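My questions all concern the structure below.
The values are calculated or read from the model by the stated rules, or taken from the named source; none is laboratory data. These numbers were taken from a predicted model, which means no experiment stands behind them. Note: ideal-geometry Cβ built from the backbone for every residue, glycine included; neighbour counts use all protein chains shown. Heavy atoms of the whole protein, side chains included, go into the accessibility calculation; ligands, DNA and RNA do not. Shrake-Rupley method; radii C 1.70, N 1.55, O 1.52, S 1.80 Å.
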Amino acid sequence: MAESRIRVSRLAQSIPPSETLATSAKVRVLQSKGVPVIDLTVGEPHLDPPQVLRDKAKEAVDLGLTRYKHAPVNGSLELRTRIARKFREENGIDYSPEEVTIGNGAKGVLDNAFTALLDPGDEVLIISPYWVTTPQQVRLAGGTPVFVPTDRDFMPTVEGVEAKITSKTKVLSLNSPNNPTGTKYREKLLRGFADLAITHDLVVVDDGIYEYISFDGQKHVSIASLGDEIRARTISVNGHSKSHSIPGWRDGYAGGPENAINVMNNVQSQRSGGPSAITQYVALAAFDVPFDSERLESFRVRRDLMVREAEDLGTLSLPKPPEGAFYGFLEMSEALMDKLRKRADASKYGSVSEIAAGVLLDEAHVAVMPGKPFGSDRHIRVSNALKDPDDIPKAFAKIRDAF
Ligand code: PLP
(Lines give C-alpha, C1' and ligand atoms only; values in the text may rest on other atoms or scores of the structure.)
Protein backbone atom coordinates (compact mmCIF):
# COMPACT_ATOMS: atom_id res chain seq x y z
CA MET A 1 0.00 0.00 0.00
CA ALA A 2 1.22 3.53 -0.77
CA GLU A 3 2.36 5.58 2.17
CA SER A 4 -0.01 8.35 3.25
CA ARG A 5 0.28 11.49 1.09
CA ILE A 6 -1.55 13.60 3.64
CA ARG A 7 0.37 16.52 5.12
CA VAL A 8 -1.48 17.68 8.22
CA SER A 9 -1.36 21.31 9.29
CA ARG A 10 1.64 22.50 11.30
CA LEU A 11 -0.61 23.96 14.01
CA ALA A 12 -2.69 20.81 14.36
CA GLN A 13 0.44 18.67 14.38
CA SER A 14 1.84 20.67 17.27
CA ILE A 15 -1.19 19.82 19.43
CA PRO A 16 -0.47 16.76 21.59
CA PRO A 17 -3.28 14.29 22.17
CA SER A 18 -5.08 14.88 25.48
CA GLU A 19 -2.61 13.30 27.89
CA THR A 20 -5.40 12.18 30.20
CA LEU A 21 -7.22 10.33 27.44
CA ALA A 22 -3.96 8.85 26.09
CA THR A 23 -2.98 7.44 29.50
CA SER A 24 -6.46 5.98 29.99
CA ALA A 25 -6.05 4.19 26.66
CA LYS A 26 -2.72 2.69 27.83
CA VAL A 27 -4.39 1.50 31.02
CA ARG A 28 -7.17 -0.20 29.08
CA VAL A 29 -4.62 -2.06 26.93
CA LEU A 30 -2.86 -3.39 30.06
CA GLN A 31 -6.19 -4.30 31.67
CA SER A 32 -7.27 -6.16 28.54
CA LYS A 33 -4.12 -8.30 28.94
CA GLY A 34 -5.28 -9.21 32.45
CA VAL A 35 -2.87 -6.87 34.32
CA PRO A 36 -4.69 -5.63 37.48
CA VAL A 37 -4.04 -1.89 37.13
CA ILE A 38 -5.36 0.53 39.76
CA ASP A 39 -6.28 3.56 37.68
CA LEU A 40 -5.75 6.93 39.37
CA THR A 41 -5.89 8.87 36.09
CA VAL A 42 -9.63 9.10 35.63
CA GLY A 43 -11.11 12.56 35.33
CA GLU A 44 -14.65 11.46 36.06
CA PRO A 45 -16.72 10.76 39.16
CA HIS A 46 -16.92 7.26 40.64
CA LEU A 47 -20.68 7.59 41.17
CA ASP A 48 -23.29 6.44 38.67
CA PRO A 49 -25.70 9.01 37.27
CA PRO A 50 -28.89 9.37 39.33
CA GLN A 51 -31.58 6.89 38.15
CA VAL A 52 -33.90 9.71 37.15
CA LEU A 53 -31.35 10.96 34.60
CA ARG A 54 -30.92 7.51 33.10
CA ASP A 55 -34.71 7.25 32.78
CA LYS A 56 -34.82 10.69 31.14
CA ALA A 57 -32.28 9.64 28.51
CA LYS A 58 -34.46 6.67 27.56
CA GLU A 59 -37.56 8.84 27.60
CA ALA A 60 -35.89 11.28 25.20
CA VAL A 61 -35.34 8.45 22.74
CA ASP A 62 -38.91 7.22 23.12
CA LEU A 63 -40.24 10.74 22.61
CA GLY A 64 -38.48 10.81 19.26
CA LEU A 65 -36.20 13.78 19.94
CA THR A 66 -34.17 12.95 16.86
CA ARG A 67 -34.30 15.94 14.57
CA TYR A 68 -32.14 19.04 14.10
CA LYS A 69 -35.02 21.08 15.48
CA HIS A 70 -34.63 19.22 18.79
CA ALA A 71 -30.98 20.28 18.99
CA PRO A 72 -30.94 24.00 18.20
CA VAL A 73 -27.45 25.43 17.84
CA ASN A 74 -27.55 27.49 21.03
CA GLY A 75 -29.59 24.93 22.99
CA SER A 76 -33.31 24.81 23.66
CA LEU A 77 -35.00 27.89 25.07
CA GLU A 78 -36.45 25.82 27.91
CA LEU A 79 -33.02 24.63 29.01
CA ARG A 80 -31.40 28.05 28.57
CA THR A 81 -34.16 29.52 30.73
CA ARG A 82 -33.48 26.89 33.40
CA ILE A 83 -29.72 27.56 33.23
CA ALA A 84 -30.36 31.30 33.63
CA ARG A 85 -32.37 30.47 36.76
CA LYS A 86 -29.49 28.35 38.11
CA PHE A 87 -27.01 31.20 37.56
CA ARG A 88 -29.39 33.64 39.28
CA GLU A 89 -30.34 31.49 42.26
CA GLU A 90 -27.05 29.72 42.94
CA ASN A 91 -24.40 32.10 41.64
CA GLY A 92 -26.03 35.50 41.96
CA ILE A 93 -25.57 36.31 38.25
CA ASP A 94 -28.47 37.61 36.18
CA TYR A 95 -28.39 36.24 32.63
CA SER A 96 -31.29 36.28 30.17
CA PRO A 97 -31.82 33.06 28.15
CA GLU A 98 -30.21 34.92 25.19
CA GLU A 99 -27.10 35.29 27.29
CA VAL A 100 -26.81 31.52 27.73
CA THR A 101 -25.29 29.01 25.32
CA ILE A 102 -25.29 25.22 25.54
CA GLY A 103 -22.51 23.14 24.04
CA ASN A 104 -20.92 19.73 23.79
CA GLY A 105 -19.57 19.42 27.32
CA ALA A 106 -17.89 22.24 29.19
CA LYS A 107 -14.90 21.44 26.99
CA GLY A 108 -16.85 22.27 23.84
CA VAL A 109 -18.17 25.48 25.37
CA LEU A 110 -14.67 26.56 26.42
CA ASP A 111 -13.40 25.84 22.92
CA ASN A 112 -16.17 28.00 21.46
CA ALA A 113 -15.29 30.75 23.94
CA PHE A 114 -11.57 30.86 23.06
CA THR A 115 -12.37 30.74 19.33
CA ALA A 116 -14.89 33.54 19.74
CA LEU A 117 -12.53 35.71 21.80
CA LEU A 118 -9.07 35.36 20.30
CA ASP A 119 -7.30 36.96 17.38
CA PRO A 120 -3.85 35.69 16.32
CA GLY A 121 -1.26 36.62 18.93
CA ASP A 122 -3.72 37.49 21.70
CA GLU A 123 -2.38 36.32 25.03
CA VAL A 124 -4.33 34.28 27.55
CA LEU A 125 -3.20 34.21 31.17
CA ILE A 126 -3.41 30.69 32.56
CA ILE A 127 -2.71 30.08 36.22
CA SER A 128 -0.31 27.17 36.60
CA PRO A 129 -0.87 24.29 37.34
CA TYR A 130 -3.76 24.12 34.89
CA TRP A 131 -6.09 21.67 33.18
CA VAL A 132 -4.15 20.09 30.27
CA THR A 133 -6.65 21.21 27.67
CA THR A 134 -6.68 24.95 28.37
CA PRO A 135 -3.39 25.96 26.68
CA GLN A 136 -4.10 23.72 23.70
CA GLN A 137 -7.55 25.22 23.15
CA VAL A 138 -5.96 28.66 23.31
CA ARG A 139 -3.33 27.69 20.74
CA LEU A 140 -5.90 26.11 18.41
CA ALA A 141 -7.84 29.37 18.55
CA GLY A 142 -4.71 31.27 17.45
CA GLY A 143 -3.89 32.63 20.89
CA THR A 144 -0.75 32.40 22.98
CA PRO A 145 -0.90 30.84 26.44
CA VAL A 146 1.02 32.78 29.09
CA PHE A 147 1.49 30.93 32.35
CA VAL A 148 1.18 32.53 35.75
CA PRO A 149 3.25 30.63 38.34
CA THR A 150 1.93 29.91 41.82
CA ASP A 151 3.69 29.07 45.07
CA ARG A 152 4.04 25.63 46.59
CA ASP A 153 0.43 25.84 47.81
CA PHE A 154 -0.87 26.55 44.27
CA MET A 155 -2.59 29.79 45.32
CA PRO A 156 -2.23 32.57 42.74
CA THR A 157 -1.88 36.22 43.71
CA VAL A 158 -3.21 39.36 42.08
CA GLU A 159 0.36 40.67 41.78
CA GLY A 160 1.50 37.44 40.14
CA VAL A 161 -1.22 37.74 37.50
CA GLU A 162 -0.62 41.47 37.01
CA ALA A 163 3.09 40.84 36.41
CA LYS A 164 2.23 38.81 33.29
CA ILE A 165 -0.10 41.37 31.69
CA THR A 166 1.17 42.90 28.45
CA SER A 167 -0.42 45.00 25.72
CA LYS A 168 -1.41 41.71 24.05
CA THR A 169 -3.22 40.19 27.02
CA LYS A 170 -6.85 39.55 26.15
CA VAL A 171 -8.15 36.87 28.53
CA LEU A 172 -7.68 35.67 32.09
CA SER A 173 -8.59 32.00 32.38
CA LEU A 174 -9.79 30.82 35.81
CA ASN A 175 -10.72 27.39 37.09
CA SER A 176 -11.88 27.03 40.69
CA PRO A 177 -12.09 24.47 42.25
CA ASN A 178 -9.05 23.64 40.23
CA ASN A 179 -8.01 20.62 38.23
CA PRO A 180 -5.33 19.39 39.09
CA THR A 181 -4.68 21.06 42.47
CA GLY A 182 -8.11 21.27 44.13
CA THR A 183 -7.42 24.92 45.01
CA LYS A 184 -10.46 27.15 45.55
CA TYR A 185 -10.35 30.89 45.01
CA ARG A 186 -11.98 33.00 47.74
CA GLU A 187 -13.97 36.17 47.15
CA LYS A 188 -11.16 38.54 48.16
CA LEU A 189 -8.80 37.09 45.55
CA LEU A 190 -11.54 37.09 42.91
CA ARG A 191 -12.27 40.75 43.67
CA GLY A 192 -8.60 41.46 43.04
CA PHE A 193 -8.78 39.59 39.71
CA ALA A 194 -11.97 41.46 38.82
CA ASP A 195 -10.28 44.82 39.45
CA LEU A 196 -7.34 43.76 37.29
CA ALA A 197 -9.62 42.65 34.48
CA ILE A 198 -11.51 45.94 34.56
CA THR A 199 -8.35 48.08 34.73
CA HIS A 200 -6.57 46.20 31.92
CA ASP A 201 -9.65 45.52 29.77
CA LEU A 202 -9.45 41.73 30.02
CA VAL A 203 -12.11 39.10 29.44
CA VAL A 204 -12.42 36.42 32.12
CA VAL A 205 -13.22 32.84 31.18
CA ASP A 206 -14.40 31.29 34.44
CA ASP A 207 -14.58 27.49 34.49
CA GLY A 208 -16.66 26.34 37.47
CA ILE A 209 -17.19 22.72 36.43
CA TYR A 210 -16.19 21.43 39.93
CA GLU A 211 -18.43 23.95 41.74
CA TYR A 212 -20.31 21.42 43.87
CA ILE A 213 -17.36 19.19 44.72
CA SER A 214 -16.09 21.38 47.52
CA PHE A 215 -14.93 20.44 51.00
CA ASP A 216 -14.07 23.69 52.76
CA GLY A 217 -17.65 24.66 53.59
CA GLN A 218 -17.19 27.95 51.74
CA LYS A 219 -19.72 29.02 49.16
CA HIS A 220 -18.55 28.87 45.55
CA VAL A 221 -17.97 32.40 44.24
CA SER A 222 -18.47 33.15 40.55
CA ILE A 223 -16.40 36.16 39.56
CA ALA A 224 -19.24 37.50 37.38
CA SER A 225 -21.40 37.93 40.51
CA LEU A 226 -19.01 40.56 41.89
CA GLY A 227 -20.49 43.54 40.07
CA ASP A 228 -21.86 44.78 36.77
CA GLU A 229 -18.48 45.74 35.33
CA ILE A 230 -16.98 42.27 35.78
CA ARG A 231 -20.19 40.54 34.69
CA ALA A 232 -19.91 42.51 31.44
CA ARG A 233 -16.50 40.94 30.68
CA THR A 234 -16.92 37.37 31.94
CA ILE A 235 -17.94 34.07 30.35
CA SER A 236 -19.13 31.73 33.15
CA VAL A 237 -18.80 28.06 32.18
CA ASN A 238 -20.34 25.04 33.88
CA GLY A 239 -22.04 21.68 33.26
CA HIS A 240 -23.22 18.45 34.85
CA SER A 241 -20.39 16.10 33.78
CA LYS A 242 -18.72 15.99 37.18
CA SER A 243 -21.58 16.80 39.56
CA HIS A 244 -24.15 14.45 38.02
CA SER A 245 -21.76 11.82 36.66
CA ILE A 246 -22.66 12.17 33.00
CA PRO A 247 -19.28 13.06 31.44
CA GLY A 248 -19.95 10.87 28.40
CA TRP A 249 -23.24 12.60 27.62
CA ARG A 250 -21.43 15.87 26.85
CA ASP A 251 -23.43 18.47 28.71
CA GLY A 252 -21.99 21.94 29.19
CA TYR A 253 -23.14 25.54 29.16
CA ALA A 254 -22.04 29.14 29.63
CA GLY A 255 -23.48 32.50 30.46
CA GLY A 256 -22.08 35.82 29.29
CA PRO A 257 -22.80 39.08 27.49
CA GLU A 258 -25.00 38.49 24.47
CA ASN A 259 -22.54 39.68 21.79
CA ALA A 260 -19.95 37.11 22.85
CA ILE A 261 -22.53 34.36 23.35
CA ASN A 262 -23.88 35.02 19.83
CA VAL A 263 -20.39 34.62 18.33
CA MET A 264 -19.86 31.42 20.34
CA ASN A 265 -23.14 30.15 18.90
CA ASN A 266 -22.04 31.06 15.37
CA VAL A 267 -18.78 29.17 15.89
CA GLN A 268 -20.69 26.17 17.19
CA SER A 269 -23.13 26.35 14.26
CA GLN A 270 -20.25 25.83 11.80
CA ARG A 271 -18.38 23.26 13.85
CA SER A 272 -20.16 20.60 15.90
CA GLY A 273 -23.67 21.99 15.53
CA GLY A 274 -25.99 22.12 18.53
CA PRO A 275 -25.66 19.87 21.56
CA SER A 276 -27.39 16.47 21.60
CA ALA A 277 -31.16 16.65 22.01
CA ILE A 278 -31.06 13.65 24.37
CA THR A 279 -28.46 15.28 26.58
CA GLN A 280 -30.41 18.53 26.72
CA TYR A 281 -33.49 16.63 27.84
CA VAL A 282 -31.44 14.99 30.59
CA ALA A 283 -29.74 18.26 31.58
CA LEU A 284 -33.11 19.94 32.17
CA ALA A 285 -33.97 17.22 34.69
CA ALA A 286 -30.51 17.38 36.27
CA PHE A 287 -31.26 20.82 37.68
CA ASP A 288 -33.97 19.19 39.83
CA VAL A 289 -31.58 16.55 41.17
CA PRO A 290 -29.58 18.39 43.80
CA PHE A 291 -25.98 17.53 44.46
CA ASP A 292 -26.86 16.33 47.95
CA SER A 293 -24.73 15.77 51.03
CA GLU A 294 -24.61 12.02 50.35
CA ARG A 295 -22.90 12.58 46.99
CA LEU A 296 -20.51 15.11 48.49
CA GLU A 297 -19.73 12.76 51.38
CA SER A 298 -18.79 10.06 48.94
CA PHE A 299 -16.17 12.39 47.40
CA ARG A 300 -15.02 13.55 50.84
CA VAL A 301 -14.35 10.01 52.07
CA ARG A 302 -12.07 9.44 49.11
CA ARG A 303 -10.32 12.77 49.44
CA ASP A 304 -9.68 12.17 53.15
CA LEU A 305 -8.28 8.71 52.46
CA MET A 306 -5.96 10.18 49.82
CA VAL A 307 -4.80 12.98 52.15
CA ARG A 308 -4.10 10.49 54.96
CA GLU A 309 -2.21 8.10 52.70
CA ALA A 310 -0.17 10.93 51.17
CA GLU A 311 0.99 11.97 54.65
CA ASP A 312 3.33 9.04 55.01
CA LEU A 313 4.55 8.48 51.51
CA GLY A 314 7.87 10.15 52.22
CA THR A 315 8.94 10.50 48.61
CA LEU A 316 5.83 12.43 47.61
CA SER A 317 3.70 14.93 49.48
CA LEU A 318 0.51 16.94 49.14
CA PRO A 319 1.39 20.57 49.82
CA LYS A 320 -2.12 21.07 51.26
CA PRO A 321 -5.39 19.10 51.33
CA PRO A 322 -7.41 19.86 48.19
CA GLU A 323 -10.41 22.08 48.92
CA GLY A 324 -12.39 20.85 45.94
CA ALA A 325 -12.54 18.56 42.88
CA PHE A 326 -11.26 14.97 43.22
CA TYR A 327 -7.55 15.11 42.50
CA GLY A 328 -4.31 15.28 44.41
CA PHE A 329 -1.29 17.01 42.85
CA LEU A 330 1.57 15.28 44.63
CA GLU A 331 4.97 16.92 44.82
CA MET A 332 8.00 14.68 44.37
CA SER A 333 10.94 15.04 46.75
CA GLU A 334 14.31 16.09 45.30
CA ALA A 335 15.69 12.69 46.31
CA LEU A 336 12.96 10.86 44.39
CA MET A 337 13.44 13.01 41.28
CA ASP A 338 17.18 12.40 41.46
CA LYS A 339 16.70 8.67 41.73
CA LEU A 340 14.23 8.59 38.84
CA ARG A 341 16.49 10.64 36.55
CA LYS A 342 19.38 8.25 37.21
CA ARG A 343 17.46 5.13 36.19
CA ALA A 344 19.04 3.27 33.29
CA ASP A 345 15.70 3.28 31.45
CA ALA A 346 14.90 6.98 32.15
CA SER A 347 15.12 8.04 28.51
CA LYS A 348 12.39 5.57 27.54
CA TYR A 349 9.92 7.65 29.57
CA GLY A 350 10.93 11.29 29.04
CA SER A 351 10.86 14.04 31.65
CA VAL A 352 10.98 13.31 35.37
CA SER A 353 7.22 13.29 36.02
CA GLU A 354 6.82 11.09 32.95
CA ILE A 355 9.44 8.70 34.35
CA ALA A 356 7.53 8.63 37.65
CA ALA A 357 4.21 7.87 35.93
CA GLY A 358 5.80 5.34 33.55
CA VAL A 359 7.59 3.46 36.34
CA LEU A 360 4.45 3.36 38.49
CA LEU A 361 2.41 1.97 35.60
CA ASP A 362 4.98 -0.59 34.46
CA GLU A 363 6.26 -1.75 37.85
CA ALA A 364 3.53 -1.03 40.40
CA HIS A 365 0.57 -1.25 38.01
CA VAL A 366 -0.75 2.03 39.33
CA ALA A 367 -1.71 4.58 36.68
CA VAL A 368 -1.13 8.26 37.51
CA MET A 369 -0.79 11.35 35.34
CA PRO A 370 2.60 13.02 34.95
CA GLY A 371 2.47 16.62 36.16
CA LYS A 372 4.22 18.00 33.08
CA PRO A 373 1.17 18.56 30.86
CA PHE A 374 -0.52 20.28 33.83
CA GLY A 375 2.37 22.75 34.09
CA SER A 376 4.70 21.15 36.66
CA ASP A 377 7.26 18.45 36.06
CA ARG A 378 7.82 18.17 39.83
CA HIS A 379 4.37 16.67 40.41
CA ILE A 380 2.15 13.75 39.53
CA ARG A 381 -1.65 13.92 39.51
CA VAL A 382 -3.79 11.25 41.12
CA SER A 383 -7.57 11.05 40.98
CA ASN A 384 -9.30 9.71 44.07
CA ALA A 385 -12.70 9.17 42.41
CA LEU A 386 -12.43 5.39 42.58
CA LYS A 387 -15.47 3.11 42.80
CA ASP A 388 -13.89 1.12 45.62
CA PRO A 389 -12.31 3.47 48.18
CA ASP A 390 -10.19 0.56 49.47
CA ASP A 391 -8.23 0.85 46.22
CA ILE A 392 -6.83 4.18 47.45
CA PRO A 393 -4.72 2.73 50.32
CA LYS A 394 -3.84 -0.22 48.07
CA ALA A 395 -2.58 2.11 45.33
CA PHE A 396 -0.61 4.25 47.77
CA ALA A 397 1.00 1.14 49.30
CA LYS A 398 2.15 0.15 45.81
CA ILE A 399 3.48 3.67 45.16
CA ARG A 400 5.33 3.56 48.50
CA ASP A 401 6.90 0.22 47.58
CA ALA A 402 7.85 1.27 44.05
CA PHE A 403 9.56 4.49 45.20
N1 PLP B 1 -12.84 21.99 32.80
C2 PLP B 1 -12.03 21.29 33.61
C3 PLP B 1 -11.16 22.01 34.56
C4 PLP B 1 -12.01 19.88 33.57
O5 PLP B 1 -11.19 19.21 34.38
C6 PLP B 1 -12.83 19.23 32.64
C7 PLP B 1 -12.81 17.76 32.50
O8 PLP B 1 -11.89 17.08 32.89
C9 PLP B 1 -13.66 19.99 31.81
C10 PLP B 1 -13.63 21.37 31.92
C11 PLP B 1 -14.50 19.36 30.75
O12 PLP B 1 -15.74 18.97 31.16
P13 PLP B 1 -16.75 18.27 30.16
O14 PLP B 1 -16.62 16.80 30.37
O15 PLP B 1 -18.10 18.79 30.57
O16 PLP B 1 -16.42 18.65 28.79
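Tell me, what is the percent relative contact order of region 121-240, built from C-alpha pairs under 8 Å that lie six or more residues apart?
23 percent
Can you bin every Cα-Cα distance in region 1-149 into 5 Å intervals starting at zero and give me the percent of pairs per bin, rounded to whole numbers?
Calculated P(r), rounded to whole percents: 2, 7, 9, 12, 14, 16, 16, 12, 8, 3, 1, 0, 0.
Obtain the nm distance between the two label points defined at ASN266 and GLU44 by a simple spin-label model: each point lies 7 Å from its Cα along the Cα-to-C-beta direction.
Label-label distance for ASN266 and GLU44, simple model: 3.5 nm.
Where does helix 391-402 land angle-wise versus the long Cα axis of the chain, in degrees 0 to 90, nearest 10?
40 degrees
Now a separate question. Assigning unit charges at the beta carbon (Lys, Arg +1; Asp, Glu -1) and nothing else, what dipole magnitude in debye, to the nearest 20, does the chain show about its Cα centre? Mind showing how you got there, number by number?
Working: 50 positive and 54 negative charges, 219 e Å.
Here the chain has a charge dipole of around 1060 debye.
Treating only the Cβ atoms of Lys and Arg (+1) and Asp and Glu (-1) as charged, compute the dipole magnitude of region 234-334 about its Cα centre; round to the nearest 20 debye.
On the way: 9 positive and 13 negative charges, 82 e Å.
Around 400 debye, computed over region 234-334.
Can you send over the carbon and sulfur percentage of the accessible area for region 66-286, probe radius 1.4 Å, protein chains only?
Its accessible area is 49 percent carbon and sulfur atoms.
May I ask for the net charge around VAL352, where only other residues with Cβ less than 11 Å from the Cβ of VAL352 are counted and Lys, Arg are +1 while Asp, Glu are -1?
Net charge around VAL352: +2.
Grab the DSSP H runs of the chain that are 4 residues or longer, score each as -39,500 (n - 2.57), total them, divide by all residues and round the 222 nm result to the nearest 500 deg cm²/dmol. Provide the component values of the computation, followed by the final result.
Numbers: 16 runs with 162 residues, N = 403.
Helix contribution divided over all residues of the chain: -12000 deg cm²/dmol.
With r defined as the distance between the Cβ atoms of GLU162 and ARG67 and R0 fixed at 51 Å, what FRET efficiency is calculated, to the nearest 0.05?
Given R0 = 51 Å and the Cβ-Cβ separation, E is 0.55.
Can I ask one more? Calculate, in nm to one decimal, what GLN218 and ALA397 gain on full extension: separation in residues at 0.36 nm each, minus their alpha carbon distance.
61.2 nm
Let me ask something else about it. Please give me the summed charge of the neighbours of PRO50: other residues whose Cβ is under 13 Å from its Cβ, Lys and Arg +1, Asp and Glu -1.
Numbers: positive: ARG54, LYS56, ARG295; negative: ASP48, ASP55, ASP288, ASP292, GLU294.
Summing Lys/Arg as +1 and Asp/Glu as -1 gives -2.
How charged is the neighbourhood of THR279? Take every other residue with its Cβ under 11 Å from the Cβ of THR279, and add Lys/Arg as +1 and Asp/Glu as -1.
So the surrounding residues net to +1.
If you don't mind, another one. Could you compute the FRET efficiency for PHE147 and ASP55, with r as their C-beta to C-beta distance and R0 at 45 Å, rounded to 0.05?
0.55
Using only Cα atoms, what Kirkwood radius does region 116-262 have, in angstroms?
Roughly 15.6 Å, rounded to one decimal.
In Å and from the alpha-carbon atoms only, list the Rg and Dmax of the chain.
Rg and Dmax of the chain, Cα atoms, are 21.2, 63 Å.
Another question, if that's okay. Could you tell me whether region 133-172 comes out rounded, prolate or oblate from its Cα gyration tensor? Rule is a ≥ b ≥ c as square roots of the eigenvalues, rounded for a/c under 1.5, then prolate if a/b exceeds b/c, otherwise oblate.
Cα axes put region 133-172 in the oblate bin.
Below 8 Å, C-alpha to C-alpha, sequence gap of six or more: please give me the relative contact order for the chain in percent.
Over the chain, the number comes to 22 percent.
How about region 1-59: which GluC sites (Glu not before Pro) there are in a DSSP loop, with at most 13 other Cβ atoms within 10 Å of their Cβ?
Sites meeting the loop and neighbour criteria: GLU3.
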